[in-house]
1. By how many degrees, between 0 and 90 and to the nearest 10, does the Cα long axis of helix 271-284 differ from the longest principal axis of the chain?
2. Can you give me the relative contact order of the chain as a percent, contacts being Cα pairs under 8 Å and 6 or more apart?
3. Any chance you could check the Cα centroid distance between the range 87-110 and the range 223-285 for me, in angstrom?
4. Relative contact order, percent, of the range 57-131 when contacts are C-alpha pairs under 8 Å separated by at least 6 residues?
5. Give the whole-number value, in cubic angstrom per residue, of the convex hull volume spanned by the C-alpha atoms of the range 255-311.
6. Report P(r) for the range 35-150: all Cα-Cα distances, bin width 5 Å, range 0 to the bin holding the largest distance, values in whole percent.
7. Roughly how many nanometres apart are two label points built 7 Å out from the Cα toward the Cβ at residue 130 and residue 335?
8. Tilt of helix 301-310 relative to the longest C-alpha principal axis of the chain, in degrees (0 to 90, nearest 10)?
């Protein structure tokens, strides 16, 4: 079967929270996000037939697993549904969404609740970095890179791109500045009230060390606590609803996995990522030019630029030019970012701030991207709204572009 898949409700938490300081845990935000999505969908929780939790490392960050049991705490009527947990490093959330969608496409269930969640502020950043390193090929890459494995892996990717294309650190800094500027229009963003200037993002100093040259701390995504949730339904269930409601349809998707270690692949060519994206476009019968906005995995500033090319928004070697044109910035921030004010094409990227400024609770990120797409396609994004947006691509990845989930969503 190829049953149509719709999102009919979403919810998320504010990512600028420290659950430990609140006396709360990952259990609380799973329940909070799930309840918010059910309320947004306006469906009876008794209609939910299955639940999927996306999470990377709760066992290590919090000592707690078996998270599906927390999902059913969102409402008494959820008790007894089957649940499962997906893990694919930073792509855990995207895989959770896709798992739920496949349950619906296959005709197994009509309504599935998805929550992505992570609680990371349970330890020092140094100890947390060691846990995140588990998403690398630890047997080989720890010997190569030592501490801060992922910043150093993506620094290698950045340096390779700089050597090949002449990318400047100023252009990397503009990615940071753009996403901080977008986050100022997102009340749930971790960096909603934080100010960032181009000089701050460019300048290495004690507060912003270049600890993985050419990358600095400002080039990195945030350490975050948070959750995001979706209610997905089939076309059959949608027909039974006797009311109009905000919704969006999954038009195409692709999911691929490459070798784990970067040294087994080229640091500039990501054929498996491109394969996932091509699958999504082909299934939707669309091309990159048909997309109005994108949510991409900017775990580091270089990651966003690479995503422009992988998604076909820019030709190989032209990602920085696309950025400089102003196409990937919301019109309201182009002047602040220092990019072109009237690009020939506008395709805002990471309208809520991305991982760099909205935040990166690892297991929640792939779900949060879909929440942002839903709000954009239903014109609920407020001052960060992309006018007339009809199609949005989400691009969630795990590891060093190892697991990729690309999805195209339509209004």
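1. 40
2. 26
3. 9
4. 35
5. Values: hull volume 5.1 nm³, N = 57.
Dividing the Cα hull volume of the range 255-311 by its residues yields 90 Å³.
6. Result returned by the calculation: 2, 11, 18, 19, 17, 11, 8, 7, 4, 2, 0.
7. 5.0
8. Compared with the principal axis, the helix lies near 70 degrees.
None of the figures in this text is laboratory data; all of them are computed from the coordinates on show. Just so you know, these numbers come straight off a predicted model, no measurement behind them. When we count neighbours, we look across all protein chains shown, and the Cβ atoms used for this are built from the backbone with ideal geometry, even at glycine.
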